[in-house]
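In what follows, a single structure is set out as structure tokens and then discussed.
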Amino acid sequence: MAKVMAVNAGSSSLKFKLYEMPEEKVLCSGNAERIGHEDAIFGMKWGEESEKKILPILDHARAVELVVQAMLEKGIVKDMNEIVAVGHRIVQGGKYFSHSELFNKDTEDKIESLIPLAPLHNKAHLVGFRAFKQILPDVTNVAVFDTAFHQTMEPEDYVFPIPYELTEKYDCRRYGAHGTSHKYLAEMGAKYLPGVAHPRIISCHIGSGASITAIKDGKCVATSMGLTPLGGIMMGTRTGDLDPSVMNYLCKCTGKSVEEMYQMFNKQSGFLGVSGISNDSRDVLKAVDEGNKRAILANKIFIRRIADYIGQYFVRLGGADLIIFSAGIGENSARTREEVCDAIGTAMNVVIDKELNASIRSKEALISKPESAIKVAIIPTDEEVMIARDTYSFYKKDK
Ligand code: ADP
């Protein structure tokens, strides 16, 4: 038995979950938010209990100290040496990482060199890693990359049709994201396809960030996000795919800089931008029911983009055996699932049990009817357990 922590460090936050491995038992989970502020927030849940306090957390090292202290105080660990390994979520692994990797100098340097591709994320992940290294110097640290699962794509799926020397010189290509989630979904989805020789899965990770991945034989063949998580389907605040001339045109029209417009495409578009109401699909769907025209349009674009990608991947895979819905919207919004399945139903012979679908929230279920040509399942994603699994296996090798 070993205690392994899964960590997701952001620029001002640090989320953590402690597992007993290999049982995959969650011992506690929590979050430090507003790091860098006098009134930062630290919260932790363990068993049936939880605690939240407001206190100064001026840097990530202090946040890590608080995490360890809280675990000791609550008796979750008796000694901090019980924590044997820490797995760090890393958003961008570029072309270097097709699987998780032990955190050593080389790994650290490569993650650092990828900062231009994910400026906010990779920088924050390194700050998180270094904070752990300072507070827990002897543990095994493992980097688990959001992009790794997508490294099996073929060049025709990841190369953008730009001058090839730019692709080569700047590594400007599709990397995708949410790979850890899509890998988990593919593994979990396999049980619905017993006896299928070469399973073809389309996994829809639809939360406030959203991506769709085509998976064959457990490997990613195509994914909707691009160079960064801005590409693909429409999201809470992100545009998804756009004609690139929109950037040029709108910069000229508004006098905004490329950077300002890029921020708009990332933070003020998607559900929020089209509806003018909210980035949260719950608010938008409520407004749809009230007859708000822009909310109706936002939801229609959202559903159509998802359906278009599923159709594209159906062709890419030469058919499909299973469609999976996951993440905040995919797991919770029966209505979104139904609308997507209605949109693809006629072309792809997808038939779901609408009553069953309407009754499911946040739990695993097969919602397609037996006559459906493609099975449809809801599978709650679990990126943290994937991080813990990979980290534990490195720890065992490292021991
Ligand atoms: P992320 O991890 O990308 O921040 P999540 O996967 O947690 O996002 O998804 C969050 C989103 O899920 C919320 O913004 C909200 O739009 C959506 N969501 C959660 N519950 C529901 C629900 N019952 N109905 C519709 N949408 C929901």
Name, by its number, the condition in (1) assigned to a helix (DSSP H, G or I); (2) in contact (Cβ under 8 Å) with a residue 24 or more places away in the chain; (3) open to solvent by 10 Å² or more (accessible area, probe 1.4 Å) that does not hold for R174. (1)
Within the stretch 251-277, restricting to residues that are away from the ligand (no atom under 16 Å from the Cβ) and of a type in the set (D, E, K, R), the one that is farthest from G330 (Cα to Cα) is K252
In the stretch 252-263, anything open to solvent by less than 70 Å² (accessible area, probe 1.4 Å) and either among the β-branched types (V, I, T) or within 29 Å of I306 (Cβ to Cβ) (or both) is listed as M261, Q263
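Hey, can you tell me all the residues within the stretch 16-26 that are touching a strand residue (DSSP E or B) at 6+ places or on another chain (Cβ under 7 Å), open to solvent by 30 Å² or more (accessible area, probe 1.4 Å) and either aliphatic (A, V, I, L, M) or not in a strand (DSSP E or B) (or both)? Break it down stepwise before answering.
Within the stretch 16-26, the first condition is being touching a strand residue (DSSP E or B) at 6+ places or on another chain (Cβ under 7 Å), and the residues that meet it are 16-21, 25-26.
Narrowing further to those that are open to solvent by 30 Å² or more (accessible area, probe 1.4 Å): 17, 25-26.
Passing the criteria: only V26.
For the stretch 308-336: of the residues being more than 10 Å from the ligand (Cβ to nearest atom) and touching a Cys at 6+ places or on another chain (Cβ under 9 Å), which is most open to solvent (accessible area, probe 1.4 Å)?
As a first pass, look at the stretch 308-336 and keep what is more than 10 Å from the ligand (Cβ to nearest atom): 308-325.
With the extra rule that they be touching a Cys at 6+ places or on another chain (Cβ under 9 Å), the set shrinks to 309-310, 323-325.
On the way: Y309: 22, I310: 0, I323: 1, I324: 0, F325: 2 Å².
For the stretch 308-336, the residue satisfying everything is Y309.
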When you scan the stretch 363-384, do you find a residue that is part of a helix (DSSP H, G or I), within 30 Å of E82 (Cβ to Cβ) and not basic (K, R), even just one? yes
The residue that is surrounded by the fewest Cβ atoms within 10 Å (Cβ to Cβ), considering only those in the stretch 188-209 that are within 16 Å of the ligand (Cβ to nearest atom) and assigned to a loop (DSSP other than H, G, I, E, B), is S208
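Select from the stretch 216-230 the residues that are assigned to a loop (DSSP other than H, G, I, E, B), away from the ligand (no atom under 15 Å from the Cβ) and open to solvent by less than 30 Å² (accessible area, probe 1.4 Å) and list them in ascending order.
The one that is assigned to a loop (DSSP other than H, G, I, E, B), away from the ligand (no atom under 15 Å from the Cβ) and open to solvent by less than 30 Å² (accessible area, probe 1.4 Å): G226.
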Residues located in the stretch 313-340, provided they are closer than 13 Å to V376 by Cα, β-branched (V, I, T) and either under 18 Å from the mean Cα position of the chain (by Cα) or not in a helix (DSSP H, G or I) (or both): I323, I324
Can you pull out every residue in the stretch 119-154 that is under 21 Å from H178 (Cβ atoms), in a helix (DSSP H, G or I) and open to solvent by 30 Å² or more (accessible area, probe 1.4 Å)? P119, L120, H121, K123, Q151, T152
Let me spell it out: the conditions are (1) within 16 Å of the ligand (Cβ to nearest atom); (2) among the β-branched types (V, I, T); (3) without any contact (Cβ under 8 Å) to a residue 12 or more places away in the chain, and I360 meets all of them except one. Which number is the exception? (3)
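Let's see how each residue does on (1) more than 26 Å from T152 (Cα to Cα); (2) assigned to a strand (DSSP E or B); (3) within 11 Å of the ligand (Cβ to nearest atom):
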{"residue": "S211", "(1), (2), (3)": "no, yes, yes"}
{"residue": "A214", "(1), (2), (3)": "no, yes, no"}
{"residue": "M234", "(1), (2), (3)": "no, no, no"}
{"residue": "Y249", "(1), (2), (3)": "yes, no, no"}
{"residue": "N279", "(1), (2), (3)": "yes, no, yes"}
Just to be sure, is A63 open to solvent by less than 50 Å² (accessible area, probe 1.4 Å), closer than 30 Å to Y170 by Cα and touching a residue at least 24 places away in the same chain (Cβ under 8 Å)? no
Among the residues of the stretch 338-352, is there at least one that is touching a residue at least 40 places away in the same chain (Cβ under 8 Å) and open to solvent by less than 10 Å² (accessible area, probe 1.4 Å)? yes
Kindly establish whether A343 is away from the ligand (no atom under 16 Å from the Cβ), outside any helix (DSSP H, G or I) and either among the polar types (S, T, N, Q) or touching a helix residue (DSSP H, G or I) at 6+ places or on another chain (Cβ under 8 Å) (or both). no
Just give me the residues in the stretch 1-12 being closer than 18 Å to Q69 by Cβ and either among the aromatic types (F, W, Y) or open to solvent by 20 Å² or more (accessible area, probe 1.4 Å) (or both), in sequence order. K3
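The values are calculated or read from the model by the stated rules, or taken from the named source; none is laboratory data. Quick caveat: nothing in here was measured; it's all calculated off a predicted structure. When we count neighbours, we look across all protein chains shown, and the Cβ atoms used for this are built from the backbone with ideal geometry, even at glycine. For the accessible areas, the whole protein counts, side chains as well, though only heavy atoms, and no ligand, DNA or RNA atoms are used. Shrake-Rupley method; radii C 1.70, N 1.55, O 1.52, S 1.80 Å.
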